[in-house]
Amino acid sequence: MRVELFFFTLVTCVIYFVPTLSAILRGHKRVVLLSIANLLTAWTVIGYVLLLMWAFHKKSSNHSVNLLRTGFASALIILPSLVIAMIVGFQPALTPEEIADRSVQRQADQIKREKEREARKAAKAEENKQKAILKRAKAAEEKRQGFHCLSALDGSHFSLKRAVKESARNPKSFKHIETRITPVVNGKHTLFMKYRAENGFGGMTIGTVTASVSNDTCNYVITSSQ
């Protein structure tokens, strides 16, 4: 029998049931209800404090408390305390070899957990590395295709669209239709932009602009306009 564990558990149980003990000693009228609440809720700090307040809230009356209620409340304290203390206390004591084996096992488990943690970190780092590689590859492909020079909103070349709009007879009538761009060749892209704008007769007409666009700077040079 592990005597120290037995008494430690017993003292812990007695402290746990201090609200009920106080209620019994003070002759509390609600000692049974308080003892049940003590058994079920005292493991929470706020529950323990509230039970103590309840036990000491009102001074006991002069008449004696019913023995049946007192006995029931006492049994709620004594029986669980003894059972728990005996279960803990009667556990067989470990031999020095068992203690050493458990220590070795704990160290092995700790080393295993550290290795698993390092493996997860390495896997995460490799995943981030692959994501970065894919991101760079995607950006390089978009640059090769010339997409980096186009707006993400409507797919137009913003500077070229603005220049064509400002040169129109009625800039307010300008409407971008579509822009197509070829992959880079010798550092240049060929860009085709189609748009709609008001002509000199007040009607709407469709125009096209062809431009050469630098892959590095996205600067353009208009090569033809219709």
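The values are calculated or read from the model by the stated rules, or taken from the named source; none is laboratory data. In this text the structure is predicted, and so the values were computed from the model without any measurement. Please note: Cβ atoms are built from the backbone with ideal geometry, for glycine as well, and neighbour counts cover all protein chains shown.
Worth pointing out:
- First in region 198-211 and farther than 15 Å from His176 by Cα, second anywhere and aliphatic (A, V, I, L, M), Cβ under 8 Å, 6 or more apart: Ala211/Leu160; Ala211/Leu191; Ala211/Met193; Ala211/Val221; Ala211/Ile222
- Test: residue in region 3-20 that is touching a His at 6+ places or on another chain (Cβ under 8 Å), at pLDDT 80 or above, within 14 Å of Phe56 (Cα to Cα) and assigned to a helix (DSSP H, G or I): no
- Identity of the residue in region 120-150, in contact with a Phe, Trp or Tyr (Cβ under 9 Å, 6 or more places away or on another chain) and assigned to a helix (DSSP H, G or I), that ends up modelled with the lowest pLDDT: Glu141
- Residue in region 162-187 that is nearest to the chain's Cα centre (by Cα), counting only those that are among the basic types (Lys, Arg) and under 24 Å from Ser214 (Cβ atoms): Arg180
- Residue pairs meeting the criteria (Cβ under 6 Å; at least 6 apart or on separate chains; first within 13 Å of Ile222 (Cβ to Cβ), in region 166-193; second surrounded by fewer than 17 Cβ atoms within 10 Å (Cβ to Cβ)): Thr190/Thr182; Phe192/Arg180; Phe192/Thr210
- Residue count for region 80-102, restricted to those that are at pLDDT 80 or above and either closer than 28 Å to Leu10 by Cβ or in contact with a helix residue (DSSP H, G or I) (Cβ under 8 Å, 6 or more places away or on another chain) (or both): 1.
- Every residue from region 22-38 that is of a type outside the set (D, E, K, R), modelled with pLDDT under 80 and surrounded by fewer than 18 Cβ atoms within 10 Å (Cβ to Cβ): Leu25, Gly27
- Sub-9 Å Cβ pairs linking a first residue in region 83-104 that is outside any helix (DSSP H, G or I) to a second residue that is at pLDDT 60 or above and among the basic types (Lys, Arg), at least 6 apart or interchain, are Phe90/Arg2; Gln91/Arg2; Pro92/Arg2; Ala93/Arg2; Leu94/Arg102, ordered by first then second residue.
- Of the strands (runs of 3 or more DSSP E) lying entirely inside region 159-226, those carrying at least 2 residues that are of a type in the set (Gly, Ala, Ser) and modelled with pLDDT of 90 or more are 204-214.
- Any hit, region 188-198, residues being among the hydrophobic types (A, V, I, L, M, F, W, C) and either within 44 Å of the chain's Cα centre (by Cα) or at positive phi (or both): no
- Taking region 42-56 as the range and being part of a helix (DSSP H, G or I) and surrounded by fewer than 14 Cβ atoms within 10 Å (Cβ to Cβ) as the test, the residues that pass are Val45, Ile46, Val49, Met53, Phe56.
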